[in-house]
Amino acid sequence: MARKASLYAPSEVYPRMVEQMMRALCSSSDFWEAIDRANMPVVFAAAVVRALMEADLLKAHHGQLQWTPKGRELVEALGLRPFPHYQCLNCEGRGLVPPYHKPWAEAFMKYESHRPAPRQEYDQGSVTPATTLARVALMEQRGDLDGKDILVMGAEDDLMGLAIGLTRRARKVVVLDIDERIIAFEKEIIQKEGLTNIHPQVFDLRNPFPAEWEGGFDIFLTDPPETLPAFKAFIARGVAALKRPGAAGYFGLTLRDSSLYRWRKFQQEMVSTMGMVITDIIQDFNHYMNWGYHEATRASALNPAGAPPRQIWYKSAWYRIEALPGFQGSNEPIQPEVFESLYSDDEGVTT
Ligand code: SPD
């Protein structure tokens, strides 16, 4: 089965992938929910489903994926069980509960629902408010908030810079985003709240940073596009912005638009080329609210059952990396050919 599925996937499908997806399909007949349970890129999950359907083990029926009698027999013969649900319901598996009762969190909750709607051209798809609050809580817990100079590089539809600003505990927060709607939205709130430590500005991250930002920050945050050159360009630039050893970066990496093959390359870049150490990888920390342009994506076309997602299925791991002596970033411009395929390639299909 793995060999057959490999014909439809960008890289080799190995037997564990088939087993994961089959177990996920025992847990849910919904394509998107099954991907979430299997924690597998859309393209690989679709390849396994296609191979199972061609072998007459699985069929699509009224938007759902159902085992055929032959499929059910195989599942039983292999002893495959649905995945159990042991996740903590309070923290949703993040390992910490956002401090909803704190004044800054309450202020954030008051504003967040008015944020501009996601745009496909920028691959927007915002994380849930709980995710944003949990990210700030994690920074506070790791000593990466109080008195720090913080740089937020894009993905500000997640409103991370705003949430950090509202704590009034960072020394300075510089927020960069290409989407002028978001920058205008934040400027209004900043004025209303009388915040003096947050500076949002429209910035195209294809351009190099001005000299004063190089080595100017204690912390960077981003949620980068996941094609390899785009990832390298974003993270290397974040690293170039760090002041000294002990400074840190936070970012999200999915297993929806990237495979473990690609994670290995990302990790090699960060550790070997940039001299960073990975201190945290918290799976499924980031939950993304479904975006309005789903039906126009390749991901949607890859679902043989056709039905759109009914609940949150797109999640990512939250990484924290820390600079060690000798670390090295790069502040090169992002080349036009990198930008052309910034969001989509053979694995990235949700934009
Ligand atoms: N296109 C779907 C929304 C994706 C949001 N960006 C996730 C980037 C993760 N590094």
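None of the figures in this text is laboratory data; all of them are computed from the coordinates on show. None of these values were measured; they are calculated from a predicted model. Glycine gets a Cβ as well: all are built from the backbone with ideal geometry, and neighbour counts include every protein chain shown.
Amide H neighbours of Ser28 under 5 Å, at least 5 residues apart or on other chains, H built in the peptide plane: list them.
Residues meeting the criterion, in which the H sits 1.01 Å from N, do not exist here.
What ranking, highest mean first, results for peptides 264-270, 31-37 when packing means the other Cβ atoms within 10 Å averaged over each residue?
Values: 264-270: 15.7, 31-37: 24.1.
Output ranking for 264-270, 31-37: 31-37, 264-270.
Of the listed peptides 248-255, 40-47, what is their order by residue-averaged count of other C-beta atoms within 10 Å, with the highest listed first?
On the way: 248-255: 23.4, 40-47: 25.9.
Ranking, from highest mean packing down: 40-47, 248-255.
When Lys and Arg each count +1 and Asp and Glu each count -1, what net charge do the other residues less than 15 Å away from Tyr250, Cβ to Cβ, add up to?
Charge balance in the 15 Å sphere: -3.
Which three semi-axes in whole Å describe the equivalent ellipsoid of region 204-262, each the square root of 5 times a Cα gyration tensor eigenvalue, listed largest first? Please report the intermediate quantities before stating the final value.
Details: eigenvalues 103, 36, 13 Å².
With the √(5λ) rule applied to region 204-262, the semi-axes are 23, 13, 8 Å.
For region 103-343, report the convex hull volume of the alpha-carbon atoms normalised per residue, in Å³, without decimals.
Spread over its residues, the Cα hull of region 103-343 gives 121 Å³ apiece.
Spin-label point model (7 Å from Cα, Cβ direction): what's the Phe83 to Ala184 distance in nm?
With each label placed 7 Å out from Cα toward Cβ, I get 4.1 nm.
Antiparallel as a % of all DSSP beta bridges within the chain, to the nearest 5?
Of those bridges, close to 50 percent are antiparallel.
Spelling out what I want: for every residue of region 157-167, take phi, set θ = phi - 60°, compute 6.51 cos²θ - 1.76 cosθ + 1.60 (Karplus), and round to whole Hz; glycine and proline get x.
Going residue by residue, I get 4, 7, 6, 5, x, 4, 4, 5, x, 5, 5 Hz, with x marking Gly and Pro.
In 10 Å bins starting at zero, report the fraction of Cα pairs in region 1-95 per bin as a rounded %.
17, 49, 26, 8, 0
For Leu78, what charge total do you get from the other residues with a beta carbon under 15 Å from its beta carbon, if Lys and Arg give +1 and Asp and Glu give -1?
+2
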